[in-house]
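Taken together, the values in this text are just the output of simple stated rules run on the coordinates, not laboratory data. Here the structure is a predicted model, which is why all the values come from computation and not from measurement. Glycine also receives a Cβ, built like all others from the backbone with ideal geometry; neighbour counts cover every protein chain displayed.
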Amino acid sequence: MMTVSVPCPCSDKVECESIKNYQFIIHHSADEVNALQWNHHVPERNVLMQHESLQLLEQLHKDKMQFKYVLVQKENNTIGVIYFQVVMFHANQLINYFPDNASPAFIMRPLKSITEKVLNAINLRLLVSGNVFMTGENGFYFSHETDKAVHAKLIRQAAARIQQQEKNIQAVLISDLYEPKTDFDSQFLQNNYHQITVESDMSIQLNPNWETFDDYMNALSSKYRVRAKKVLSLCKDAGVTCKNLDVAEIEEHSARIYELYNHVMRGAEFKLSELNKEFFAEQKKSLPRQYHVFGYFKEGKMLGFISAFVFGKRMEVHYTGMEHELTKPIHLYQHMMYDMIQFGIENRVAQLHFGRTAPEIKSTIGAVPSAMYGYLKHKNALFNFLLVKPYTANLVPQQYTFRNPFKTEKQN
């Protein structure tokens, strides 16, 4: 544990004065953190931000990344907690996010020709708020007595103090924020952070009147209902079966699960880290009723898997794995999406989150996008202005055509 009592690192004296009554206690391991003190500030519904889950995540991935736990105190009372991960960031992952018609043209067109070389040269240690293995705002909680503008100041100052301690952390990413913007956002923009746009989070509100999967199917327009039936029949006709695996079965198939996971991860355009091989089994042991791994088998061989968390009325689809050359002809991925909807209905889930990948397919089953963004800042002011600012301004996620598969009022 380290209690930080260094001069305020920000250049704005007014801001330093505004947070002078706050202290930052920085821990470098979950083992140093008082679990009750941490969990007191984390809502029960956010199980994955609670101390026990973060401790497991650290134990499994401490060889790949570092973890920072910050207690924010005022008058010796903890008023908030902030969670960071430190990962290696390879900028060449961003090459596909630059459009050919990027603007402003007078800046980006000359840069476009050297973008790939520039990005290949940028590899840095990145301090990320929250959990890079999950989608959504999951990096900080504060008591209700503090407003959003103060939250932003405290997060920025916590990051700055960590960078003061560890000089080789070169940049900070405040990730996975949802629209609409508030005073929280203006605090970052006013302090040389640059907005970065990321793919939308895809989710579906499950109709409380759907008691069975057939109710969901009947809510689809005829066009999409026919498509769904075809997808579902392909796996059945091919002899593919699905099983919700227990701990022993996950351990039995652990090598294959990790192999299939890596098949998908190798094709991912953007990733900040990768799961440890033991994650799936250990997560099941930790949350046996809330974490699920579904295996898809043909003649005893696993062709693919999908995992999900269920926390009360909320369900989070996590990672998938499959061999695309084997599973594409039977549309296994889309079949998995339908299975997750069925599982959500059976468990009386209200909201089902699918994350950011394959948004077009997810829209055809009823998921809708929620815009997401973040803020990025390099500690070198010149680098931050000349490279980070124009590059982040022109990062554009791939554009998709989203569908509405449900009946309209005229069709009812």
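When the convex hull of the C-alpha atoms of the chain is computed, what volume per residue in Å³ does it have?
Working: hull volume 67.0 nm³, N = 412.
Looking at the chain, the number lands at 163 Å³ per residue.
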Additional length obtainable on full extension of the chain from N76 to L60, 0.36 nm per residue less Cα span: 2.5 nm
At 222 nm, what value in deg cm²/dmol follows for the chain if DSSP H runs of at least 4 each add -39500 (n - 2.57) and the sum is divided by all its residues, to the nearest 500? -9500 deg cm²/dmol
Two pseudo-spin positions, 7 Å from Cα along C-beta at N276 and at T408, lie apart in nanometres by 5.3 nm
Cα centre as origin, Lys/Arg/Asp/Glu Cβ charges: segment 314-412 dipole, Debye: 480 debye
In nm, give the distance between the simple-model label positions of D31 and V396, each being 7 Å from the Cα along the Cα-to-Cβ direction. 5.0 nm
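Hey, what D do you get for segment 207-349 in µm²/s if you plug the Kirkwood alpha-carbon radius into Stokes-Einstein at 4 °C and 1.567 mPa s?
On the way: Rh = 16.0 Å.
This corresponds to a translational diffusion coefficient of 81 µm²/s.
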Report the charge-dipole magnitude of segment 207-349 in Debye, nearest 20, computed about the Cα centre from +1 at each Lys and Arg Cβ and -1 at each Asp and Glu Cβ. 440 debye
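Return the FRET efficiency for the residue pair F385, E249: r is the Cβ-Cβ distance, R0 is 45 Å, and the value is rounded to the nearest 0.05.
On the way: r = 53 Å, r/R0 = 1.18.
So the FRET efficiency works out to roughly 0.25.
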Roughly how many debye, to the nearest 20, is the charge dipole of the chain about its Cα centre, given +1 on each Lys and Arg Cβ, -1 on each Asp and Glu Cβ, and no other charges? 940 debye
Length-normalised contact order of the chain, Cα under 8 Å, at least 6 apart, in percent, tallies to 20 percent
So which chymotrypsin sites (Phe, Trp or Tyr not before Pro) in segment 225-322 pass both tests, a DSSP loop state and at most 16 other Cβ atoms within 10 Å of the Cβ? F270
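Of all the stretches in the chain, which is the longest one without any exposed loop site, taking GluC sites (Glu not before Pro) in a DSSP loop (any state but H, G, I, E, B) with at most 12 other Cβ atoms within 10 Å? Spell out each step's value before the answer.
On the way: sites that count: E44, E75, E145, E211, E299.
The longest uninterrupted stretch comes out as 300-412.
Can you tell me the length gained on complete extension of the stretch S221 to H324, counting 0.36 nm per residue apart and subtracting the Cα distance?
On the way: separation 103, 0.36 × 103 = 37.08 nm, distance 2.84 nm.
Contour length minus the Cα-Cα distance gives 34.2 nm.
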On a straight-distance basis, which lysines could pair with K407 in a cross-link, Cα separation under 22 angstrom, same-chain partners fewer than 8 positions away excluded? K223, K229, K230, K362
Comparing S203, S175, S286 in a Gaussian network model of the chain (Cα, 10 Å), the one with the largest mean-square fluctuation is S286
